[in-house]
Amino acid sequence: MIKIIAGGKRHLPWADSAIKEYEKRLRKPYDLSWEFMDEDKLASKLAKWPFSRQNDYVICCDERGQNISSNEYSAKLEAALTQGKNVVILIGGAYGFTEEVRTKADFIWGFSRLVFPHMLARVIVAEQTYRASEIQKGSKYHHE
């Protein structure tokens with residue numbers, strides 16, 4: 001299972017609809033669980049949270065992160081899951097993450113040089129996770 005920790009409240013209806021569409025297609029170990037944290041407290045909670053370096057593979061979504069292809073994202077997830085790691089994906093609120101939080105991540109993922117609202121980032125993570133699972137299956141959903 002892939003745990004996503006997101007800043008802010010539950011999904012807005014438009015984002016919830018899109019995310020649910022991808023979630024219903026996902027199968028283990030690519031299924032998603034969500035935890036929402038108040039944006040004001042997110043950074044301080046994550047700064048104190050001791051991610052288990054041995055058991056967790058932490059991906060921090062941040063505009064300053066590395067842009068990778070869908071195939072590269074799929075390979076990162078597959079490698080972590082094959083090693084028996086818990087994948088934890090962090091999606092910040094309106095102000096992103098502090099350097100302290102980013103340094104705890106195994107990978108800092110920037111979707112683009114563009115800045116996206118966090119609700120849209122949630123949809124992107126859900127879709128790219130579904131795409132990653134389909135890449136691993138060799139399905140026709142992803143083509144180049």
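Over the chain, dividing the summed -39,500 (n - 2.57) contributions of all DSSP H runs of at least 4 residues by the number of residues returns a 222 nm mean residue ellipticity of -13500 deg cm²/dmol. Shape of region 72-144 from its Cα gyration tensor (a ≥ b ≥ c, root eigenvalues): rounded if a/c is under 1.5, otherwise prolate when a/b > b/c, or oblate? In terms of gyration-tensor shape, oblate. Straight-distance candidates among the lysines for linking to K140, with alpha-carbon spacing under 23 Å and chain neighbours fewer than 8 residues away dropped: K20, K24, K28, K76.
Using C-alpha pairs under 8 Å with a sequence gap of at least 6, the mean separation divided by the residue count of the chain gives a relative contact order of 35 percent. For the residue pairs K104/K137; K48/K85; K45/K137; K9/K104, the C-alpha atoms sit more than 25 angstrom apart in K104/K137; K45/K137. Rounded to 0.05, the FRET efficiency of the R10 and S44 pair, given R0 = 22 Å and the Cβ-Cβ distance, is 0.60.
Could you put L26, L46 in order, starting from the residue whose Cβ has the fewest other Cβ atoms within 10 Å?
Working: L26 18, L46 23.
Ranked by crowding around the Cβ, least crowded first: L26, L46.
Take every DSSP beta bridge whose two residues both sit in the chain; close to 0 percent of them are antiparallel.
Evaluating 6.51 cos²θ - 1.76 cosθ + 1.60 at θ = phi - 60° for every residue in region 94-107, the Karplus couplings come out as 4, 10, x, 10, 6, 4, 4, 6, 4, 5, 7, 7, 7, 8 Hz, glycine and proline recorded as x.
Think of each Lys and Arg Cβ as +1 and each Asp and Glu Cβ as -1; about the Cα centre, that makes the dipole of the chain roughly 300 debye. Taking 16 Å as the straight-line reach from the Cα of K41, the aspartates and glutamates in range (excluding those fewer than 8 positions away in the same chain) are E99, E100. The label point for D31 and the one for H143, both projected 7 Å from the Cα toward the Cβ, are 3.1 nm apart.
Around Q66, what is the net charge, scoring Lys/Arg as +1 and Asp/Glu as -1 over all other residues with Cβ under 15 Å from its Cβ? Working shown, then result.
Numbers: positive: R64, K76, R102, R113; negative: D62, E63, E72, D106.
Residues near Q66 contribute 0 overall.
One equal scatterer on each Cα of the chain, no solvent, Debye formula: the resulting log10 I(q)/I(0) at q = 0.13, 0.16, 0.17 Å⁻¹ is -0.53, -0.82, -0.94. Here's the picture: charge each Lys and Arg Cβ at +1 and each Asp and Glu Cβ at -1 in the chain, and of G84, F107, A126 the one pushed furthest to the positive end of that dipole is G84.
No lab work stands behind these numbers, since they all come straight from the coordinates. Note that the coordinates shown come from a computational prediction; the quantities given were computed from them, not determined experimentally. We place every Cβ from the backbone using ideal geometry, glycine too, and count neighbours over all the protein chains shown.
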